[in-house]
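The values are calculated or read from the model by the stated rules, or taken from the named source; none is laboratory data. Everything numeric here is computed off the predicted structure, so don't read it as measured data. Note that each Cβ is placed from the backbone with ideal geometry, even for glycine, and that neighbours are counted across all protein chains shown. We work out accessible area using only protein heavy atoms, side chains counted, and drop any ligands, DNA or RNA first. Shrake-Rupley method; radii C 1.70, N 1.55, O 1.52, S 1.80 Å.
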Number of protein chains: 2
Amino acid sequence: MLKIGDFSALSQISVKTLRYYDETGLLRSAHIDPENGYRYYLAGQLSDLHRILALKDFGFSLEQIAQAMQAGITAEQMRGMLLLRQAEQRKRLEDETDRLNRLNSRIRLIEQEGRMAYDVVLKSVPKQWIASVRETIPAYNTVGNLYGKVSAALGPSMSACQFGVALWHDPEFKENDVDAEAGFYLKQKVPAGNGVSVHELPEATMATTIHNGSYQRLPEAYDSLLRWVAENGYQVAGPIRELYLKISMPVRQDDESYVTEIQVPVSKPA
Amino acid sequence: MLKIGDFSALSQISVKTLRYYDETGLLRSAHIDPENGYRYYLAGQLSDLHRILALKDFGFSLEQIAQAMQAGITAEQMRGMLLLRQAEQRKRLEDETDRLNRLNSRIRLIEQEGRMAYDVVLKSVPKQWIASVRETIPAYNTVGNLYGKVSAALGPSMSACQFGVALWHDPEFKENDVDAEAGFYLKQKVPAGNGVSVHELPEATMATTIHNGSYQRLPEAYDSLLRWVAENGYQVAGPIRELYLKISMPVRQDDESYVTEIQVPVSKPA
DNA sequence: GCTTGACCCTCCCCTTACTGGAGACCCTAG
DNA sequence: CTAGGGTCTCCAGTAAGGGGAGGGTCAAGC
């Protein structure tokens, strides 16, 4: 019979941890002296502990290990467990690889451009009702003219609007003759009409960034964002959205208090 | 001013998390109504939140992020942070890759041998005093004869002994003329003499496994262990140790109550 | 003006796999 | 017989929030 300190020395596992395993039932001590509560272990329990440590090293939780241990598992069942864990571990490895790639990409961007670069966040946005008009306009920065039309057509329904948004439908960047959709996100559905379309934008996975300030510096944000998309192995999968989260009337191109979010729908090519 | 729910909807970050960030000072709400305690956010804070999320995605802890955020960091400082994180992430990726390899190796072993295979654990063992004799013996299983010599030579010092141990000094497996060292681990240093050497084994990183039962099945344990060492990219880096953790007198080759630990010192080839 | 449902608040407990410490008891060697 | 080290239980804390209770607040519809 070994005292807990001896068992700890043999196994290189801390006394604290052994007590924890005993307490949680993962590895019960072979005997407890009822006089003084001392735990006693058998040398033969070292193989149980080794099994626990090996499974832990494979990435199983203590709870999973406890289940496997008390069930007197066969080689075939063990193989099944390990194959499941293998799949999870592959996924994990892929995630960590992607994370490293994102880090590398950001470092490159900072080194090449000498500035901080925009923070790009990948997120899934829910379905969203929108009231809008879609027209071919001469250039990006003339999109503002469309909002008057929308709000005039909506009339009292304007109260259901949250904030302005633009969608760029051209699959490639175009200087002129831009296929633009402009309108407002809606708190709830409102009737369409008067040339205004009311429809629901689908749920989508978006690479997004926030631009603070003047619209004249928007191209830098687009630059960071689109490079992020390309360098991390995504492709653009739909119209890019611009959300005008803070704006003031009358609209000015160089108001530094404006807040704009750019969203690029993305997908991983198969 | 946005209520916490609005800010949550815009950012896709849960209200709970936003409150947690406020509480911990990571992202304070711009204003708190003193009447009712409601938190209010500005749209401009979205870019702060985006920075937090981007850094979190890179693997920084919230505490690290908080420090970086309140210091008004420059692009160059940010680059330094990211380079440090990059090195950590590379290490992590390597660890996770090794873990997957260990998993693969174990699965292969089970599939090829149709049994559970031994649980191999990598651990670092501390320096250890030993009293021993070293001789060339006809075969492995005749090592038992040496222990009598050692205990006779030690005399009353035997009380400082913990358990018997054998070291195999041959770099390759040998059936005959085995260069063997046999003796006992010591609780403290004792005087040498009478043909017994007392010296200290160095600290070492060991791949280890526990064998329960008859010595006749020890070769299976060696098989699992040495395959593990080879398949996980280690090389043997010193004499293999056998620790006789539970044994009884007289020694029998087929006693199923014996417990033996095999330790292979390993290193990663450069 | 009233009600109702959605929203917001704080406070507490829970998660994993332990680690650290306090205070008390116990064992063994000299 | 004493000193030290070993062991016990209990409590608190970790990172990053999630879940829920209990209670106050706000806005819209009637």
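For the stretch B:253-270, a residue qualifies if it is of a type outside the set (Ser, Thr, Tyr), exposed (fewer than 13 other Cβ atoms within 10 Å of the Cβ) and away from every other protein chain (no Cβ under 13 Å), and the qualifying residues are B:GLN253, B:ASP254, B:LYS268, B:PRO269, B:ALA270. Inspect all residues belonging to the stretch B:230-247 and state whether any of them is of a type outside the set (Val, Ile, Thr), in a helix (DSSP H, G or I) and more than 22 Å from A:SER11 (Cα to Cα). The answer is yes; a qualifying residue exists.
Tell me, please, whether a residue that is part of a helix (DSSP H, G or I) and either out of contact with any helix residue (DSSP H, G or I) (no Cβ under 9 Å at 6 or more places or on another chain) or touching a residue at least 12 places away in the same chain (Cβ under 8 Å) (or both) can be found in the stretch A:127-137.
Looking for residues that are part of a helix (DSSP H, G or I) and either out of contact with any helix residue (DSSP H, G or I) (no Cβ under 9 Å at 6 or more places or on another chain) or touching a residue at least 12 places away in the same chain (Cβ under 8 Å) (or both), one finds none in the stretch A:127-137, hence no.
Suppose the filter is at pLDDT below 90, surrounded by 16 or more Cβ atoms within 10 Å (Cβ to Cβ) and in contact with a Leu (Cβ under 8 Å, 6 or more places away or on another chain); does B:ALA153 pass it? No; evaluated as a whole, the condition is false for this residue. Only residues that are away from DNA strand D (no atom under 11 Å from the Cβ) and open to solvent by less than 40 Å² (accessible area, probe 1.4 Å) were counted in the stretch B:56-72, giving 2. Here the condition is being within 11 Å of chain A (Cβ to nearest Cβ) and surrounded by fewer than 20 Cβ atoms within 10 Å (Cβ to Cβ); of B:SER124, B:SER197, B:SER159, it holds for B:SER124 alone. When A:ARG241, A:ARG252, A:ARG227 are screened for being farther than 23 Å from A:SER132 by Cα and outside the structural domain of A:LEU100 (by TED's automatic domain parsing), only A:ARG227 passes.
Scanning the stretch A:138-150 for residues that are assigned to a loop (DSSP other than H, G, I, E, B) and either open to solvent by 40 Å² or more (accessible area, probe 1.4 Å) or free of Cβ contacts under 8 Å to residues at least 24 places away in the same chain (or both) gives a single hit, A:PRO138.
For the stretch B:205-252, a residue qualifies if it is touching a Gly at 6+ places or on another chain (Cβ under 9 Å), away from chain A (no Cβ under 11 Å) and open to solvent by 20 Å² or more (accessible area, probe 1.4 Å), and exactly one does: B:VAL251.
Please determine, by comparing only the residues of the stretch B:35-55 that are within 11 Å of DNA strand C (Cβ to nearest atom) and open to solvent by 30 Å² or more (accessible area, probe 1.4 Å), which one is farthest from A:LEU103 (Cα to Cα). Applying the filter and picking the extreme gives B:GLU35. For the stretch B:7-22, a residue qualifies if it is without any contact (Cβ under 8 Å) to a residue 12 or more places away in the chain, within 14 Å of chain A (Cβ to nearest Cβ) and either within 9 Å of DNA strand D (Cβ to nearest atom) or farther than 18 Å from A:GLN162 by Cβ (or both), and the qualifying residues are B:SER14, B:THR17.
Residues that are more than 44 Å from the chain's Cα centre (by Cα) and under 23 Å from B:ALA207 (Cβ atoms) were ranked within the stretch A:23-55; the one that is nearest to DNA strand D (Cβ to nearest atom) is A:TYR41.
Only one of the numbered conditions (1) within 27 Å of B:SER14 (Cα to Cα); (2) within 7 Å of another protein chain (Cβ to nearest Cβ); (3) not charged (D, E, K, R) is not met by A:LEU83, and that is (1). I'd like to know if the stretch A:75-85 contains one or more residues that are open to solvent by 40 Å² or more (accessible area, probe 1.4 Å), of a type in the set (A, V, I, L, M), more than 14 Å from DNA strand C (Cβ to nearest atom) and under 30 Å from B:PHE58 (Cα atoms). Yes, the stretch A:75-85 contains at least one residue that is open to solvent by 40 Å² or more (accessible area, probe 1.4 Å), of a type in the set (A, V, I, L, M), more than 14 Å from DNA strand C (Cβ to nearest atom) and under 30 Å from B:PHE58 (Cα atoms). Every listed requirement among (1) surrounded by 14 or more Cβ atoms within 10 Å (Cβ to Cβ); (2) more than 20 Å from A:ILE65 (Cβ to Cβ) is met by A:LEU26 save one, (2). Each residue in the stretch B:83-141 was checked for being within 30 Å of A:GLN77 (Cβ to Cβ) and hydroxyl-bearing (Ser, Thr, Tyr), and 3 pass. When the stretch A:31-90 is filtered for residues that are at positive phi and touching a residue at least 12 places away in the same chain (Cβ under 8 Å), only A:GLY59 remains. Checking the structure you have, find out if any residue of the stretch B:88-111 is part of a helix (DSSP H, G or I), assigned by TED's automatic domain parsing to the domain that holds B:LEU243 and open to solvent by 20 Å² or more (accessible area, probe 1.4 Å). Looking through the stretch B:88-111, none of the residues is part of a helix (DSSP H, G or I), assigned by TED's automatic domain parsing to the domain that holds B:LEU243 and open to solvent by 20 Å² or more (accessible area, probe 1.4 Å).
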